[in-house]
Each structure stands twice: as structure tokens, then as C-alpha cells.
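Visitor: Handing you this structure, nothing more for now.
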Amino acid sequence: MKLVSLKRGVLIVFEGIDGAGKSTQAKLLFEELAKAGFETIFSREPTDGEWGRKLQGLIQNGRDDIDPREELELFVRDRREHVEKVISPGLNAKKIVILDRYYFSTIAYQGALGLDCEEIERRNTEFAPPPDILFLVQIPPASGIRRITETRGQGADFFEREGYLVKVEEIFNRLSKPFLYRLNGEETAQRLEKQAREIVFQWLRERDLVEKDE
């Protein structure tokens, strides 16, 4: 298969509350773009690095007595390492980088704990490049919780409790960015994948980012 060359790297991010289906959509888009010949990287946050593993432990086992600001520091450290080791190198190599969660999740989830959303965004945008395309997959929190319990066969973890997710969703709903595309998470996975793929291809065409053959 012939590879498709781009004039610059492209950063695509999927966000949404737990159970919205964003992870599925991020993986599906990665697979479709790879099939189409694009050099594509898939990654997620929290990462599997030192700080990301600590965050994964909190997600799985509960926050215990950790202060929200301490938790924010872990996210910032994990993301800084992610940018340095994965995101920036991928973009510099003119690849498409697809992320399952990014700093918008930190804004929403830590903002729902009472931290200042603008301060969180400012701290992250000091070093983290903004996405070219941000897909926000939206679903009612109750539906997300139901999906999680049906899929995993167990109760939702702390990050997925409905009252908390309602606050998270409210913050996501207030997002207003020129690169933001909202997707209805209650659509079928196939329909959502088609919508996201069409948006990406149209975005690439409009900006003439695909290198032409000589």
C-alpha cells in the first residue's frame, strides 16, 4: 500500500465522559486512516509512563486522600512527558496523531472537583499543542454509566459515578473552540466512525495538506 504524505503533522483528539464511546471511535478512526495509507499514531492519556500509572491506579482504586491539586500535578507531569516523547515527535514527523483523551479531560474532570478550569487550561496550553480537530462524543451520564456496567459487568469506578459525571459533562458542554466537533454518542459506532472520518477527510482537503505526487 502506498503511503500518503502530509505537509505537516495533524493532531486529532477524542474526548467525552466515560461510557460515551470515545475510545472506540479513536481506535476506529486510527484503523481507517491507517488503511487509507496515512502514517498514524494512536495514543491515550493517562499514559503508561511513571505518572500515568499512578493516575491509572487512582482511577481504578479511588482517590483516597489525594488532594485535587496533587492529582492535577500528576496529569500535568504525565502530559508533559507524553508531549515530549510521543505527540511532538509524531507531529514533527508529519504524521497523524490520534489521542484518546487530552487536556480537555483534565479541565472537565478536575474542574468538576472545584479547580479553576481556566487555570487548568492555561497550565496545559503552555506546553501542550492544541489539537487540529477535537471530537467531543456526547452522551447522557446515566447512559454512560449503564454502558459501563453492562460492558464490564461490575460497578463504575469513582471517575464514573453519575453525580460526578453530570458536573464533568456540564464543563464539556461549555467548551467553545474553532476546532471542536460534537458527535452524538448514542448513534451506532459505525455511523459515528463514518461521520468522524468524513470530517477528517474534508478538513484535510480544505487545507490542502496532502502532498501531491510528482
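The values are calculated or read from the model by the stated rules, or taken from the named source; none is laboratory data. Computed from a predicted model, the values in this text were never measured in an experiment. When we count neighbours, we look across all protein chains shown, and the Cβ atoms used for this are built from the backbone with ideal geometry, even at glycine.
Visitor: Scan GLU50, GLU32 and give me the residue that is touching a residue at least 60 places away in the same chain (Cβ under 8 Å) and over 17 Å from the mean Cα position of the chain (by Cα).
Guide: Residue meeting the stated conditions: GLU32.
Visitor: Go through segment 80-134 and give me each residue that's hydrophobic (A, V, I, L, M, F, W, C) and touching an Asp or Glu at 6+ places or on another chain (Cβ under 6 Å).
Guide: Within segment 80-134, PHE104, ILE107 qualify.
Visitor: Which of the numbered conditions does LEU204 fail, given that it passes all the others? Conditions: (1) surrounded by 16 or more Cβ atoms within 10 Å (Cβ to Cβ); (2) modelled with pLDDT under 95; (3) assigned to a helix (DSSP H, G or I).
Guide: (2)
Visitor: Give the residue, chosen from ARG69, ARG77, that is touching a helix residue (DSSP H, G or I) at 6+ places or on another chain (Cβ under 7 Å), in a helix (DSSP H, G or I) and charged (D, E, K, R).
Guide: The unique qualifying residue is ARG77.
Visitor: Okay, next question. Can you name the condition, by its number, that TYR103 falls short on among (1) surrounded by 14 or more Cβ atoms within 10 Å (Cβ to Cβ); (2) farther than 30 Å from ARG80 by Cβ; (3) touching a residue at least 12 places away in the same chain (Cβ under 8 Å)?
Guide: Evaluating TYR103 over (1) surrounded by 14 or more Cβ atoms within 10 Å (Cβ to Cβ); (2) farther than 30 Å from ARG80 by Cβ; (3) touching a residue at least 12 places away in the same chain (Cβ under 8 Å) leaves (2) as the failure.
Visitor: So is LYS94 touching a residue at least 12 places away in the same chain (Cβ under 8 Å) and not in a helix (DSSP H, G or I) or not?
Guide: For LYS94, the condition - touching a residue at least 12 places away in the same chain (Cβ under 8 Å) and not in a helix (DSSP H, G or I) - is met.
Visitor: THR125 passes all but one of (1) modelled with pLDDT of 95 or more; (2) under 30 Å from LYS2 (Cα atoms); (3) of a type outside the set (Phe, Trp, Tyr); which number fails?
Guide: (2)
Visitor: If you don't mind, there's one more thing I want to ask. Mind listing just one residue for me: the one in segment 12-32 that is crowded, with 23+ Cβ neighbours inside 10 Å and among the hydrophobic types (A, V, I, L, M, F, W, C) and, of those, farthest from GLU84 (Cα to Cα)?
Guide: Taking the candidates together, the pick is ALA20.
Visitor: Given the criteria modelled with pLDDT of 95 or more and either assigned to a helix (DSSP H, G or I) or surrounded by fewer than 22 Cβ atoms within 10 Å (Cβ to Cβ) (or both), does ILE120 qualify?
Guide: yes
Visitor: Continuing with the same structure: Can you tell me which residue among GLN25, GLN110, GLN56 is polar (S, T, N, Q), farther than 16 Å from PRO131 by Cα and without any contact (Cβ under 8 Å) to a residue 24 or more places away in the chain?
Guide: GLN56
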